[in-house]
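Q: Quick one: this structure, given as structure tokens, is what I'll be asking you about.
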Amino acid sequence: MSVIVTSYTLDRVKDVQGVLESLHAQTYRNLEIIFVGEGTQEICHRIEGFAMQKGIANLRTVFNDGVPGLSPARNLGAKHSRGDIIAFIDDDAIAFPDWVQEIVDAFRQNAGAIGLTGPAYPLWQGNKLEWFPEEFYWLLSCPTPGWTGFTRPTIVRNAWGMNMAFRKEAFDSCRFSEAFVGGEKTGADDVEFSMQVRRATGKVILFHPAVRVSHKVYRNRLSASFIRRKSFRDGYGKAILKKLYPEGKEASFNIHIEIAVLRLILLRFFPRMLGRLPRDPIGAWNQFRVASIALFYTGAGYLAGYLKGTGSLLRDSRKAKANERRV
């Protein structure tokens, strides 16, 4: 098993140290940890020093001095991996002690699975933020069973980047790409990679509730500007991916998560919010603000992606893949 952690700034060193400590405490020991640093070599030096101090002997560091970005960093980590399974966890996540063991067991028990993903539970930082509605945890990159509805192993469209793993064969012909949308940043490289892999291998990706991490949520993620950007990118990315991967009869499968979440928002969130209004008007207003901003900007992003010309998308996608092959 290889576990890849990437980070791009010294501001996240403490977060990286947290995830490394959680990986060092795993019950499954046959693993290597690969840290990919960007921006400055100092980040690799700091992580190497921390690993020596904590006795984390199975850590290797790699510096990305090529094209910057999350996708190139993930590809670089995969290139240096030696495990039969290659897993990814965000630098601001914390793995449960049995995270690696559950991934290994799930792959052993599901021969037809090429990829695996699982829940990320919010780890609130700073002031109490528990008022944030679970139906909108997707804004925080926290796919919990509460809003996904997945309480048992379930075939899904894609893995979530903060908590995902693939068999090594997935990288025989597939790579993470941040340019499949013509240079626009959508944060959907995990979705696009998952769809590449499913198409190339004919195998499935599973959501497994036992493959658990905690994901730190800092207060700035609740700001209106963050919610606007995240919602617009998500909507835009979904529209672009639908054009590049129509998948014929599977088209409805490719948006079934979004349909399920929208149903939860309409049938569970809004009635609960209205019921909360008389006893907690401030909390109800905060929830309504999040919902209205997220829904509007997701729709606006989807419309912008829908109106983008398919021809230019395909040209940009082919050009990006050619560049990746040369690299």
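Q: Any idea how far apart residue 304 and residue 262 come out in nm if each label point goes 7 Å out from Cα toward Cβ?
A: With each label placed 7 Å out from Cα toward Cβ, I get 2.0 nm.
Q: What does the convex hull of the alpha-carbon atoms of the chain project to on average, in nm²?
A: 16.5 nm²
Q: How far apart, in nm, are the 7 Å Cα→Cβ label points at residue 29 and residue 210?
A: 2.1 nm
Q: Moving on. Fewest first, what order do 174, 44, 142 take by the number of other Cβ atoms within 10 Å?
A: Result, fewest neighbours first: 44, 174, 142.
Q: Points 7 angstrom from Cα along the Cβ direction at residue 280 and residue 173: gap in nanometres?
A: 5.1 nm
Q: Which semi-axes, in whole Å and largest first, does the equivalent ellipsoid of the range 1-83 have when worked out from the alpha carbon gyration tensor as the square roots of 5 times its eigenvalues? Could the numbers behind the result be given before it?
A: Details: eigenvalues 74, 48, 19 Å².
Here the semi-axes work out to 19, 15, 10 Å.
Each reported figure results from applying straightforward, stated rules to the coordinates on display, with no laboratory input. All figures in this text were calculated on a predicted structure; none of them were measured in a lab. No Cβ is skipped: glycine too gets one built from the backbone with ideal geometry, and neighbour counts run over all protein chains shown.
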